[in-house]
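Have a look at the structure below before the remarks.
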Amino acid sequence: MIKPFFILILAAGSFFTVAAQSDANSTQVGNAIQQLAVTQAGNGNTAAVGSFVNFHAPKDNTKGRRMLLADWAKGSVTTSKDSVIQNDQTVFNYDKITHDLYYSMDRQTVIEAERSHIKGFTFATMDGDVQYARLDLVKPEAFFQVFTPFDNTHYGFYSLIKTEFKKADYRTDGMVETGNNYDEYVDNVQYYIVAPGGKAYQPVELKKKSLRTALPEAKTKVEEYLSQHKNDDINETFVKNLIGYVNKG
C-alpha cells in the first residue's frame with residue numbers, strides 16, 4: 001500500500017484523555033499523542049496516511065476484507081509507557097496484512113500508529129470488547145487477540161490472524177474450469193497457549209489431541225473438562241473456558 005504523507009498538526013489535550021496506570025501525573029497528554037503516532041523520518045512530524053485502504057466498500061465482488069473491522073470502532077490504546085489513550089472522538093481499525101493499527105479523530109484523516117510504542121489495544125464492537133496485545137515471545141511485530149491473558153500463575157490463550165490477498169485466478173480451456181473469478185482476502189488464524197510466566201508457548205489446534213499436548217502439566221484438569229463437555233463444539237469459546245477451568249487450580 002502506497003502511503004503519501006502530509007503534516008498533521010495535533011492539538012495536545014483537545015482529543016485524548018490519558019490515564020497513566022502507574023503514575024497519573026507522569027504522562028502529559030501531548031507526549032502520549034506524539035508517542036502513539038508514526039513520525040516522518042528525520043523531521044519529527046506526525047505522518048498521516050493520505051491514501052488508505054477503503055474498508056467501507058470492498059472492490060467489485062472481492063471476498064473478505066483487509067481490515068479487521070468493516071467500519072471504524074471506538075476503543076483505547078495502551079502505550080509502551082503504560083498509559084491508556086482513549087476518548088469518544090477517536091476511532092480505530094487494524095490492518096490484518098501489515099499488522100498496523102490506524103486511528104482517526106474525524107473519520108477522514110487516518111493516522112498510522114507506531115507499533116513499537118503500543119503494548120495493546122481494545123476495540124468496542126457490537127459483540128463486545130475485543131482485546132489485542134503484543135506477544136513478543138511469539139511474533140513481536142504483530143498483535144494477538146487476547147482470549148485469556150497469562151500471568152505468573154495462569155495460562156493464557158491467544159490467536160494471531162494472518163491475511164493473504166489472492167487475486168482472481170479463474171482459468172478454463174472450454175471444458176475444465178479452475179480457480180476463482182474473484183479477488184479474495186483469505187484469513188489464517190493460529191492459536192497459542194502461553195505458559196504461566198510467559199516464557200514458553202505452544203501452538204494449538206482446535207482439537208482435543210492438540211489441547212492435551214499443549215497442557216501436559218494440567219492433564220487432570222484437562223481430562224476433567226473434556227469429559228464434562230464431550231459433546232461441545234471445540235471452538236475459541238471452548239478453549240477459553242478450558243483455560244479458565246485449568247487456571248482455577
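Of note:
- Remark: segment 80-90, residue by residue, has Karplus-estimated 3J(HN,Hα) of 5, 9, 6, 9, 9, 9, 7, 6, 6, 7, 8 Hz, where x stands for each Gly or Pro and the curve is 6.51 cos²θ - 1.76 cosθ + 1.60 at θ = phi - 60°.
- At most 14 other Cβ within 10 Å, DSSP loop - trypsin sites (Lys or Arg not before Pro), segment 114-212: Lys167, Lys199, Lys207
- For the peptides 220-227, 91-98, the ranking by packing is 91-98, 220-227, with the highest mean count of neighbouring Cβ atoms within 10 Å listed first.
- Of all lysines in the structure, the ones whose alpha carbon falls short of 22 Å from that of Lys208, not counting any fewer than 8 places away in one chain, are Lys219, Lys221, Lys230, Lys240, Lys248.
- Note on His229 and Asp82: with the Förster distance fixed at 51 Å, the Cβ-Cβ geometry gives a FRET efficiency of about 0.85.
- Debye equation applied to the C-alpha atoms of segment 109-249, log10 I(q)/I(0) at 0.11, 0.14, 0.15, 0.22 Å⁻¹: -0.54, -0.77, -0.84, -1.38
- Lys207/Arg107 FRET efficiency (R0 35 Å; Cβ-Cβ; nearest 0.05): 0.25
- Using a probe of 1.4 Å on the protein chains alone, the accessible area found for His229 is around 50 Å².
- Once both labels are positioned 7 Å from their Cα atoms along Cα-to-Cβ, the gap between His117 and Asp169 label points is 4.0 nm.
- Two-site FRET efficiency, Asn241 against Asn181, from Cβ-Cβ distance with R₀ of 45 Å, rounded to 0.05: 0.65
- Cα gyration tensor shape of segment 63-110, rounded if a/c is under 1.5, else prolate or oblate by comparing a/b with b/c: oblate
The values are calculated or read from the model by the stated rules, or taken from the named source; none is laboratory data. Fair warning: this is a prediction, and the values are worked out from it, not measured in the lab. We place every Cβ from the backbone using ideal geometry, glycine too, and count neighbours over all the protein chains shown. Quick note on the areas: whole protein, heavy atoms, side chains included, nothing else; ligands and nucleic acids left out. Shrake-Rupley method; radii C 1.70, N 1.55, O 1.52, S 1.80 Å.
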